[in-house]
Structures are given as C-alpha cells and as structure tokens.
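Please read the structure below before turning to the comments.
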Amino acid sequence: MNLSLAAPSAFRGNLFVPRSRCTSCFEFDLRFQQSIASSHSRCRWSSFKIIRNPRLSRGRGVACSFAEPHNGSNDKEKEADKYGETLPLEDSSEGSIPPPVDAEQPIEFSDENKDQSDVQNLDSNEVASGSPLPGVKPQKLDEAIKIPKEAIEILKSQVFGFDTFFVTSQDPYEGGVLFKGNLRGQAAKSYDKISKRLKDKFGDEYKLFLLVNPEDDKPVAVVVPRTTLQPETTAVPEWFAAGAFGLVTVFTLLLRNVPALQSDLLSTFNNLNLLKDGLPGALVTALILGVHELGHFLAAKNAGVKLGVPYFVPSWQIGSFGAITRIRNIVPNREDLLKVAAAGPIAGYSLGLLLLLLGFVLPPSDGIGVVVDASVFHESFLAGGIAKLLLGNVLKEGTAISINPLVIWAWAGLLINAINSIPAGELDGGRISFALWGRKASLRFTGVSIALLGLSSLLNDVAFYWVVLIFFLQRGPIAPLSEEITDPDEKYVAIGVTVLLLGLLVCLPYPFPFTDETLASF
C-alpha cells in the first residue's frame, strides 16, 4: 500500500473523525488503531483499504472504504456503510483537525480505474521487439516477442541479486530486456549462478547473456526469449551446397598445380587429361585443408560447440581460399571461442611447416623437381627465412634453383591458413581477436584489415578477391557469446597470439637479401 504523506508535523496526535459519520473508522498515527466505537454502531466490514479520492477539490486525500458482507440487511443500511471518510493531507499544520467532508455528497470509489491503471502499467513495462541479437537470425519475424512485466519483476528480484548482478535500470534490447547494474564477483561464477536461478524459475524459456556495453564498457545482462535464437534455415540443403562447392574446389586445386593450363583456362576443357598431373599437389594442399577443418571440429566437440558443414571456397590463384564454417549454437565464453578458432590454423600450420621442411631437405624424386628463381622466396618472411636457413649460400639473388615440389605445395597450404588467420570478421583470425581482446577491439581489427587488403589489392589480385569475400560473406558481426566478460586463460592467449603472428610471417615479404655480396652493397 502506497501513501503520499504530508510533513511529519501534520500527524502529531490522532486524526479524529466527526461523530456524525461512521464511528468505526481507523485513526492514522503511523499505524492504524480502532477509534472509540459506539455500541450503537451498525457498521461492520470484511475488508479495509486506504484509497485516493480523485474528486477532492483540495489536493490529495485518503478515504476509508468498507465492504459489508452479505447478511440480509436492507439496502439503505448497505448504502450507508459504503460511504467513507475523506481527510485532506495537504496544507495541514500541527494540531489542526481537517474539516469533514460533506456527508450529503458521498464519494463512491470503483476498482475500474484502478484496474485500467494496472493494465496500462503492465503494457508500458512489456518489452517487445522483433529483432534478434546481432549475428543470430530468427525463423519468424511476423510476431512481436514480449517479456511480460511479471517475468521482468521476477528476473530483477529473484534471478539477479546483490551477490551476482545488482540491477539498477532496464531497457528494451533485441527481443528481450537489457539490465544495467553492478557485476559482483567473477563474471564466470556470477553467470553460472544467474543461469541456474533463471532455469529454476523459467526452465528453458529465456536465455541469459552477460555482455559488455559498447557505450561505456560496463557489464550488462541481457535476457531474451529462446524463440529469437532459432537458427536460420536455408532453402538448399547444406550438404548439397557444400558438395557443389567442394567439387569446384577440387577442380581449382588440380588446375593450380598444372602450370600449362593456367596460362589458358579455356583450354582446360580440351585437355582434361592434363589435370591428373596436378593430383599430387592437390592432394597435399587438400590434406592441409582437411587437417585444418579437423582441428576445428575436434576442438568444437570438446567445447560443446556445434559447427555447420564446411563450405570450401575455390580459387583460381592458389587452389582454394579455405572453408567457411558456421557456428550453429551459442558459444559459452571467449575461451571456448578461442579454442575452436585457433585449433584449425594450429593444425594446418603444424602439418604445413612439417611438409615445408621435408620439401627443403628431401631431393626431388626425378632429380630436377621444380626450378624457380631465388627471388620467389622474398614473397614470404617465413618461407624465405627457412629457405635461407636450410639452403645457405645455395640461395643467391638472381639465381635459379631446383627444389622439391613439396615446398610449393606446402607453401600453398600455409598461405591458405594465413589468409584465414587475418583478424577480420568471422574468419579464424577475426574470432581469435574477438576472443583475445573483446568485441570492440575485433571490430577495429576488422576495419584495419579490410583497409589494408583493399590497398594490397591494387598490386595483388589474391588480396582483391579475398577482401571481396570478407566484405560480402565473412564481415560479421560475430554472434554474441553467453558470457563475454571473462578473459581466456593465459596459455590459450599465447596460442591465439601465435596463430596471428604465424599468419603475418607467412604473408609479409622477406626484406633481407640472400647473399653477403648484396648485403655489403647496402
């Protein structure tokens, strides 16, 4: 019961009711007491309430309202018992007695206005939105999603709390409610406590997110109906589309390892028998790509993350741009995202480096291998550094050398892994940067990476096609994690940083000369 009270001095002593009215009213001196009752009083009640009288001409007021149980009395007695006392609370001074309300003008109160007010308050507190969280698309957008006022009050009073997340305000947010407040204790432990309470109260009806507000970088809690988080369905079955992309990728991998056909792509259809010459190189590069994807799936299974079917992207230049693999459920936290995102490049880099080292050490099977100019190793800091370390003085500027073709095949696999390690959008590198430094930093990395790729595309057609692919297919945003506040463990941070550094080493050119004579001339 809410009362609007005047100054405390107005309530020294009891408020007496004139004897001309019902003598069974209560007095109010910060508590209710029964007044001097008349033995002749016929007023009985089954309920008592204090309500505001909107008809009073002088400010605010309260009135005693009585409801007499049905006892067979005549209508006049019931009508008399309906009238209440009205005492103005404003403009009162110490020791003053408020004037009585004219008994000839009884004031009747109805619950109709109160009910309408309650409905209006309920409607105003309902939060409705048809938009999903960023990166998650709903199956249906034709119905508004509402969280009723009663559920919001339960969330604030029984799900959140002083020991986890103290709510200070709430706002509509992407199909649910965004709660602002103060996070208590470690984010991961608080999230587990809140999630358990949420499940106890509502089952699986709602989903909790503990995120960082981009406006002030403070923790916020978001609760949304799970119906907004349904995965998007596609008209074409995933396996069919992935198979089609895979067949084209096999063709481009074969084509990439047959130099005679690369100069005239149209002649490929008249010389399909030549594609078999590209089979060894295609198998090596495909093996590196397969190990890359296997690393993703093994890490995802261990972390409880569901991955979609990989879509291999064909490329005329290097055989393939790797694979696009969707995350089909909500990732629990940044550490799990880091494990899944980094596992693929780590597996691909490991196999690629091993094969690259074997290519430099093993002589060509035919005694000739592949003849290349030494300057080609200036295109990669990693490949150039390893070549200089293992070949020594054999590697000279302007000199052609014979190498095992395994070097070229492994190098292509490393380059594909490095491209996927670019910290942009939903690439492996973009997910790694998100897991390491948060959403705001990953957005900045994405912008810088796209800008640098755009500049590089003026000189390199591979960069041009890749920036187009990122911009239209992999730009993001990354779907929200259940809990985005807790930083990953240091050992996983080291792995993530290693992946990003290896990507740079593969893509950046080798700036140093290969011979001492050239070095002395500088």
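Summary of values
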| item | result |
| --- | --- |
| Some residue of the stretch 329-345 being part of a strand (DSSP E or B) and closer than 27 Å to Glu238 by Cα | yes |
| Verdict on Val407 being in contact with a helix residue (DSSP H, G or I) (Cβ under 9 Å, 6 or more places away or on another chain) and without any contact (Cβ under 8 Å) to a residue 12 or more places away in the chain | no |
| Enumeration of residues in the stretch 297-316 that are more than 23 Å from Thr486 (Cα to Cα), surrounded by fewer than 17 Cβ atoms within 10 Å (Cβ to Cβ) and not hydrophobic (A, V, I, L, M, F, W, C) | Gly308 |
| Some residue of the stretch 265-275 being out of contact with any helix residue (DSSP H, G or I) (no Cβ under 9 Å at 6 or more places or on another chain), modelled with pLDDT of 90 or more and either surrounded by 14 or more Cβ atoms within 10 Å (Cβ to Cβ) or more than 28 Å from Gly359 (Cα to Cα) (or both) | no |
| Count of the stretch 434-475 residues which are surrounded by fewer than 16 Cβ atoms within 10 Å (Cβ to Cβ) and within 29 Å of Glu490 (Cβ to Cβ) | 6 |
| Given (1) open to solvent by 20 Å² or more (accessible area, probe 1.4 Å); (2) modelled with pLDDT under 95, index of the condition Leu294 fails | (2) |
| Test: Ile485 is surrounded by fewer than 23 Cβ atoms within 10 Å (Cβ to Cβ) and of a type outside the set (Gly, Ala, Ser) | yes |
| Hits in the stretch 404-426 - residues which are surrounded by fewer than 24 Cβ atoms within 10 Å (Cβ to Cβ) and either among the polar types (S, T, N, Q) or part of a strand (DSSP E or B) (or both) | Asn404 |
| Answer residue from the stretch 178-203, given it is assigned to a strand (DSSP E or B) and not hydrophobic (A, V, I, L, M, F, W, C) and is surrounded by the fewest Cβ atoms within 10 Å (Cβ to Cβ) among those | Asn182 |
| Answer residue from the stretch 223-250, given it is charged (D, E, K, R) and either assigned to a helix (DSSP H, G or I) or open to solvent by less than 90 Å² (accessible area, probe 1.4 Å) (or both) and is modelled with the highest pLDDT among those | Arg226 |
| Condition broken by Pro509, with the remaining ones in (1) farther than 21 Å from His296 by Cβ; (2) open to solvent by 40 Å² or more (accessible area, probe 1.4 Å); (3) modelled with pLDDT under 90 satisfied | (3) |
| Criterion violated by Pro332 - all others in (1) over 30 Å from Phe245 (Cβ atoms); (2) in contact with an Asp or Glu (Cβ under 8 Å, 6 or more places away or on another chain); (3) surrounded by fewer than 21 Cβ atoms within 10 Å (Cβ to Cβ); (4) not hydrophobic (A, V, I, L, M, F, W, C) satisfied | (1) |
| Any chance Gly175 is open to solvent by less than 70 Å² (accessible area, probe 1.4 Å), free of Cβ contacts under 8 Å to residues at least 12 places away in the same chain and at positive phi | no |
| Number of positions in the stretch 470-512 that are touching a Gly at 6+ places or on another chain (Cβ under 7 Å), in a loop (DSSP other than H, G, I, E, B), more than 23 Å from Leu210 (Cβ to Cβ) and not hydroxyl-bearing (Ser, Thr, Tyr) | 2 |
| Only one of Phe471, Phe464 that is farther than 20 Å from Val331 by Cβ and either without any contact (Cβ under 8 Å) to a residue 12 or more places away in the chain or small (Gly, Ala, Ser) (or both) | Phe464 |
| Test: Ile450 is at pLDDT 95 or above and either in contact with a Phe, Trp or Tyr (Cβ under 8 Å, 6 or more places away or on another chain) or not in a loop (DSSP other than H, G, I, E, B) (or both) | no |
| Positions within the stretch 371-400 being among the aliphatic types (A, V, I, L, M) and either loosely packed, with under 14 Cβ neighbours inside 10 Å or without any contact (Cβ under 8 Å) to a residue 12 or more places away in the chain (or both), in sequence order | Val371, Val376, Leu389, Val394, Ala400 |
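Here's the yes/no breakdown for (1) under 28 Å from Phe312 (Cβ atoms); (2) aliphatic (A, V, I, L, M); (3) within 47 Å of the chain's Cα centre (by Cα):
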residue	(1), (2), (3)
Arg328	yes, no, yes
Ala343	yes, yes, yes
Ile346	yes, yes, yes
Ile368	no, yes, no
Phe381	yes, no, yes
Lys388	no, no, yes
Gly392	no, no, no
Ile401	no, yes, no
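The values are calculated or read from the model by the stated rules, or taken from the named source; none is laboratory data. Quick caveat: nothing in here was measured; it's all calculated off a predicted structure. Neighbour counts run over all protein chains shown; Cβ positions are idealised from the backbone, glycine included. For accessibility, only protein heavy atoms count, side chains too; no ligands or nucleic acids. Shrake-Rupley method; radii C 1.70, N 1.55, O 1.52, S 1.80 Å.
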